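Undergrad: Below you will find the structure I want to go over with you.
Derivation of every value follows stated rules applied to the coordinates shown; laboratory data play no part. It should be emphasised that the depicted structure is a prediction, and the values quoted were computed from it without experimental measurement. Backbone-built Cβ (ideal geometry, glycine too); neighbour counts: all protein chains shown.
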Amino acid sequence: MLTTKTFLRKTKKGNILKIVREHYLRDDIWCGSSICRKCAHQDNELILEKIPLSKNKIFPFPHYILLDTCVVLNQITVLEEDALCNVIILQTVLEEVKHRSSSVYKRLKDIIGNPNRKFYVFVNEHHKDTYVEREPGEKVNDRNDRAIRVSVAWYESHLMPNKGDRKKKDYVRVILLTDDAENKQKAENDGLLVATVGDYVRHVDNCPGLEDRLSQHNTTYELQAGGREPLFPSHLTPSQIHEGIKSGKLLQGSFLASRENFLEGQVSVEGQDKMVLVQGCVGLNRAVDGDIVAVKLLPKEEWSVPSHMVLQDEDDDSGDVLEEEDTLIKSRETQVEKLPTGHIVGIIRRKWRQYCGILQQNPIKGSVRHIFVPAEKKIPKVRIETRQADTLSNQRIVVTIDSWPRNSRYPLGHFVRALGKIGDKDTENEVLLLEHDVPHSKFSETVLSCLPKLPWIISEKDVQSRVDLRHVDICSVDPPGCTDIDDALHCMELENGNYEVGVHIADVSHFIRSGTAIDKEAALRATTVYLVDKRIDMVPELLSSNLCSLLGNEERFAFSCIWELTQEAEVVNTRFCKSIIRSRQAMTYEEAQMKIDDLTLQDNLSKSLRGLNSLAKILKKRRIENGALVLASPEIRFQVDSETLDPVEVETKKLRETNSMVEEFMLLANISVANKILEDFPECAMLRRHPKPPLSNFEPLVKAGRNLGFEINIESGKALALSLDNAVRPDNAFFNTMLRILATRCMMQAVYFASGMVQRDEFFHYGLAVPIYTHFTSPIRRYADIIVHRLLAVSIGADVTYPELLDKRKSQTLSHNLNYRNRMAQYAGRASVALHTHLFFRGKVQDEQGYVLYVRKNALQILIPKYGLEGTLYLSPHKAEKLNVTFVYNEEEQTQKCGDVSFRPFDPVTVQLSLDQSNLQHEKIIMKLVNPQILGFSVPSVDSVKRKESDKDLEMEISDVSTSPVRKKSSKKQKTK
Amino acid sequence: MAGMHLLSDQGLRLDGRRANELRQIRCKLGVFSQPDGSAYLEQGNTKVLAAVYGPHEIRGSRTKSLHDKALVNCQYSMATFSTGERKRRPRGDRKSQEMSMHLRQALQAAIRVEVYPRSQIDIFVEVLQADGGNYCACVNAATLAIMDAGIPMKEYMVACTASLGNGDVPLVDISHLEENSGGPNLTVAALPLSGQVALMEMSQRFHLDHLPKVVECALQGCRDIHQILDQAVRRHIEVSGAVGWGIRPQVKL
């Protein structure tokens, strides 16, 4: 069969265990080169070109490139450029990369998968001539380096033509690229061609931007002044960290930077309720948001509280000094409960990714060193080197972080690509899609080829396999302008006085079959993302707006859930079926409301709507009695100019009775389906749960309520709902809504999960107060619903299963992706609203009513319900500015006082909004206090006097919605499109 | 996730085999002189000894004796040093008992037991080193030992395992590493020429759609192993002639 040799590998682990594994060496691994005549290649294995054209000046002959591991790890952005082709990746390298960084590994795999790049993976570890055994005492790294050199030498001799037909021109060399000096030296001694990446890249023709993309990983960062002490304490070595965590001296957790204060952050330690607070540059010790870090807790007497300060890193380039921070962070009053505080002593794993942002040019002309300011405030500024600063200065760019040496104030990084002009709406949209990791490229040809051919007709076979409901008076109710209609309803009175109610959901799973390209794409996208002026579809438009959409008077496939309900809305029986329906009319909420209200209308449709409405009211009442929460979040809608797509007017979303009518039945359908699929698939049903938040989450809410004399009971969902209902102040109509907004922020995120992976009693949906829940009703815009449709179809015998559907681990992996994409889609949506708010305020000055949401030590956080905007209002003077009024902060009562004016949470205020365009790169909305008036502080309203210069004292920046401290938001909205 | 990356993009498994390749098999018949038949078999790093005594009269209580066929008695044991961590009991634990039963089930189906009514055949197998596919190695070694003992069989009884890599590629003859990575594990003991299956066992689950190809993969493995065993038997006979083929060299008194 094959030549196999058995080699033994011995590894020791734990209590010394000898593991002996076989390692087969093969003689059928080919070199992958088209020039080679010795190997018995299959055609599809010939990846490397016969005579690769050299674009390099120092190596002006045909050659292949072979990469060292560190090159792949550090210079992946260079590799992603099309300039480097004909590259050999050794298996040794691939394995090491996989081990060290899964993100780089994934990117490398993407490159390898691209046939144009001509990357060949050579399995050197199993090749009989290139396998290298580790010598006694040799380190793994040294052994790998040696293996790489052996492979280079093998390639060189393998590609060397026989003496007889040696012709100069078809003679391909192999060049090893390495940044490791020792490896380079050894390779040179062996007589191999070798270069550093830097040298190689600098001599590539016709690729100007390539050099900028070089990672700064190895270049040591020297201080301009030189000779100063390192700014940060050094990190512990991995073994020290490992030991520390084992002995309990150190804690491991992921670092979450504060959005408001760049010198503060928290570490969420696994298995601990409370987060560990870290403060100050030294305390943070070069951790970047998302990193997995090791923290050392400080002794109890040094514990601290979050500083209540809003701080931004405003310095242009502070050089390498750390600011005087003691004044900033020392707010160690005794009366408040202190949080566990610690210092970060080591980084376990970096979670660096690519960041969008802008370039802040170096004031020194001609310098190549610049500062990059990320769009996300949680991320520190980054030092980069680029020669294209002039063209990039007014563009949004993408940068990646390479390293953060101890003596640098900021991390070092390199330029990846430019997105477009700042302020341009397309660029900004692109930025927010990228920042939120939303896949938004056009659907590929393979995906589009999965679509059904037009004209699409219903065949005889389809009719036979489905229940024909075309005779039933079905209608759909949706927001205006909705083109992806995925649900429709009907209601009929039965002879026994009961009602038959049906919910008909677009049968997307009929068109999206498992395993097809379109299915994979939809699973990746997971959800349709709604931006203010744009919709990023999960499935191609032909499906989302036509074949699947339940348009009025069109025959469509549906998945129906039909109940018999009593007059009291008790479910008598439930059935599910695949059906064909014809919606009589696609209505808006308003139209449906009018039909219900107009009692002169006695047609079937109006009657059925009235029936639905009355049943929905009973359902809703019962649900609220069970303890379902009614929460609020400021949601707004932009009236967009039809031509320029610029926002012209803002309105908050209105809620009508019909909204909740549709919502109730969708909830009922979801619950019924959840029960059904769990019954049939106890292990792999895709469900949705909403965990009860830990009590500590409610602290701000309880505090805020207590300050105003309301006791908020948080023991159970029902108690909470009740106490929220009771907290009404006659003098402040918005008070209750504000409390509900606060309550929303205490909530956990609802998540999808596979039923086999979670304990049964954790299935509970807290917000809706139901024991089990899933998503069934929006398959056009959510992938989870498609999975649920498939499960339900199997359980009613309308479809067959496939392996992945019944694998609970795969379902769980899938639901992780769905959860992640959903969260990102939500953030992207909010960021889009913020972007449009900025556009809306261009050249406008307006007075608006707002409310104090939180009182901070040096600022007020204000919510403007009309725009759903939340901002920080600084009360203490900015640097170099004098303020002739002082505010007194009372932490206990959460108030800010100035003279006889005091601010408490939920107090109404009037503020003046305008857009500060002085900094082109960073437009922000400025607000000035109008009412209550404070002499020398507030400004007159726009109407009375035209605005004067002089008062720069009180400004309020509107933080981007994405960066406002909205962390947890219940995804209670079932029906918001 | 476990069981996901048993097969690399280049189509090689963790130890460098392709999906349809067996581990290296080495075997020897007639390794002991005491028993009537014996064999030693290596399947990769899994190493097994088998010894066969009989057919002889029923030992112990006569009640066990069967009037129409021979009683096949199997004992499976694992040497204490056979696994990574030292085993406490070499035999008699639940797992070994189960293995013994399974061995008996498979071997009884291949041996022509009806030729020896009211008698007993003892088969002892000992795993010296366990590296996945222990049961298969035992069945294969026992088959060789029975051959060596000259006991008539219908056909070679051959066993092989198969698994599923990357969710849909069947892998043959899985090693300990692959067994432990959490994928499904199908064991088949079959008569390769007639294609009859004597025993089939599976741990873990996979979708029914995969079953035919995984079973086919295991059966193909059985056929390949059969070839190797057959060669070994033929070579053994050529080399040692009648010696070791049932007739022991008589010790001259």
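Undergrad: In whole Å, what are the extents of region B:130-191 along the principal axes defined by its C-alpha atoms, from largest to smallest?
TA: 43, 22, 10
Undergrad: Starting at the first residue of region A:567-575, write each ³J(HN,Hα) from the Karplus equation 6.51 cos²θ - 1.76 cosθ + 1.60 with θ = phi - 60°, in whole Hz, x for Gly and Pro.
TA: Calculated HN-Hα couplings, in order: 4, 8, 6, 8, 6, 8, 8, 10, 9 Hz.
Undergrad: R0 = 25 Å: FRET efficiency of B:R89 with B:L66, Cβ-based, nearest 0.05? If you can, show how the numbers build up before the last one.
TA: Numbers: r = 30 Å, r/R0 = 1.20.
Once the sixth-power term is evaluated, E becomes 0.25.
Undergrad: Given labels modelled 7 Å from the Cα in the Cβ direction, how far is it in nm from A:R729 to B:R118?
TA: A separation of 10.4 nm, rounded to one decimal place.
Undergrad: Shifting gears a bit: Looking at chain B, I'd like the Rg to Rh ratio, where Rg is from alpha-carbon atoms and Rh is Kirkwood's inverse mean 1/r.
TA: 0.99
Undergrad: Per residue Cα convex hull volume for region B:39-128, in cubic angstrom?
TA: 103
Undergrad: I'd like the projected area of the protein assembly as shown, averaged over all directions, using the convex hull of its alpha carbons. Report it in nm² with one decimal. Walk me through the numbers on the way to the answer.
TA: On the way: hull surface 252.5 nm².
That works out to 63.1 nm², a quarter of the Cα hull's surface.
Undergrad: How many times 2.2 N^0.38 Å is the alpha carbon radius of gyration of region A:340-452?
TA: The reported ratio for this selection is 1.32.
Undergrad: What does the C-alpha gyration tensor say about the overall shape of region A:60-157? Classify as rounded when a/c is under 1.5, otherwise prolate if a/b is larger than b/c, or oblate.
TA: oblate
Undergrad: Moving on to the next point. Could you give the semi-axes, largest first, of the ellipsoid that matches region A:469-558, computed as the square roots of 5 times the alpha carbon gyration tensor eigenvalues and rounded to whole Å?
TA: 29, 16, 11
Undergrad: While we're looking at this one, here's another question. Specify the angular offset, from 0 to 90 degrees and rounded to the nearest 10, of the alpha carbon long axis of helix B:94-110 from the longest principal axis of the alpha carbons in chain B.
TA: 70
Undergrad: Now for a separate question. Modelled label-to-label distance, A:K249 and A:E188, 7 Å Cα→beta-carbon offset: nm?
TA: 4.3
Undergrad: Evaluate the relative contact order of region A:550-595 (contact order divided by residue number), counting alpha-carbon pairs under 8 angstrom at least 6 apart; express in whole percent.
TA: Values: 61 pairs, mean separation 20.6, N = 46.
Once divided by the residue count of region A:550-595, the mean separation gives 45 percent.
Undergrad: Okay, moving on. One quarter of the convex hull surface, Cα atoms only: what value does that give for region B:1-82 in nm²?
TA: One quarter of the hull surface, i.e. the mean projection, equals 9.9 nm².
Undergrad: Okay, moving on. For chain B, find the longest principal axis of its Cα atoms and tell me its angle to the long axis of helix B:211-240, 0 to 90°, nearest 10.
TA: 40
Undergrad: Now, a different point. From largest to smallest, what semi-axes in whole angstrom does region B:43-191 give when each is the square root of 5 times an eigenvalue of its alpha carbon gyration tensor?
TA: 29, 18, 12
Undergrad: For region B:58-69, in order, what is each residue's ³J(HN,Hα) by Karplus, 6.51 cos²θ - 1.76 cosθ + 1.60 with θ = phi - 60°, in whole Hz (x at glycine and Pro)?
TA: 3J(HN,Hα) across region B:58-69, in whole Hz: 4, 8, x, 5, 6, 4, 6, 5, 9, 7, 10, 8.
Undergrad: Which whole-number percent is the relative contact order of chain B (Cα, under 8 Å, 6+ apart)?
TA: With pairs under 8 Å counted, the relative contact order is 22 percent.
Undergrad: Let me know the Kirkwood hydrodynamic radius for region B:1-49, please, with Cα pairs as the basis and the value in Å to one decimal. Don't skip to the answer; put the middle values down first.
TA: Details: mean 1/r = 0.0755 Å⁻¹.
Every distinct Cα pair counted, the radius reaches 13.2 Å.
Undergrad: Let me ask you something else. For region A:44-99, restrict the atom set to alpha-carbon positions and state the Rg and Dmax in Å.
TA: Over region A:44-99's Cα set, Rg and Dmax evaluate to 12.3, 35 Å.
Undergrad: Moving to a separate point now. Among the trypsin sites (Lys or Arg not before Pro) in region B:30-66, which ones are in a DSSP loop with at most 16 other Cβ atoms within 10 Å of the Cβ? Mind listing them?
TA: Passing sites in region B:30-66 are B:R59.
Undergrad: Please get the size of the charge dipole for region A:779-920, origin at its Cα centre, with Cβ charges of +1 on Lys and Arg and -1 on Asp and Glu, quoted in debye to the nearest 20.
TA: Approximately 540 debye in magnitude.
Undergrad: Set the Förster radius R0 to 22 Å, insert the Cβ-Cβ distance between A:R823 and A:M757 as r into 1/(1 + (r/R0)^6), and round the FRET efficiency to 0.05.
TA: Details: r = 19 Å, r/R0 = 0.86.
Efficiency computed from Cβ-Cβ geometry: 0.70.
Undergrad: Given N residues in region A:498-544, what is its alpha carbon radius of gyration divided by 2.2 N^0.38 Å?
TA: In units of the 2.2 N^0.38 Å rule of thumb, it is 1.49.
Undergrad: Another question about this same structure. Let's test the formula: R0 of 56 Å, r as the Cβ-Cβ distance of A:E95 and B:R59. What FRET efficiency results, to the nearest 0.05?
TA: Here the calculated transfer efficiency is 0.50.
Undergrad: Would you order A:R904, A:R396, B:R88, A:R470 from fewest to most other beta-carbon atoms within 10 Å of each residue's own beta-carbon?
TA: In order of increasing Cβ crowding within 10 Å: B:R88, A:R470, A:R904, A:R396.
Undergrad: Right, here's the next one. From Cα pairs below 8 angstrom and at least 6 apart in sequence, can you work out the relative contact order of region A:509-605, rounded to a whole percent?
TA: Relative contact order here is 18 percent.
Undergrad: Would you calculate a helix-derived [θ] at 222 nm for chain B, using -39,500 (n - 2.57) for each DSSP H run of n ≥ 4 and dividing by the full residue count, to the nearest 500?
TA: -9000 deg cm²/dmol
Undergrad: What distance in nm separates the two pseudo spin-label positions at A:I796 and A:S449, each 7 Å out from Cα along the beta-carbon direction?
TA: For A:I796 paired with A:S449, the spin-label model returns 3.4 nm.
Undergrad: After finding the eigenvalues of the alpha carbon gyration tensor for region A:458-501, what semi-axes result from the square roots of 5 times each, listed largest first in whole Å?
TA: The equivalent ellipsoid of region A:458-501 has semi-axes of 22, 22, 6 Å.
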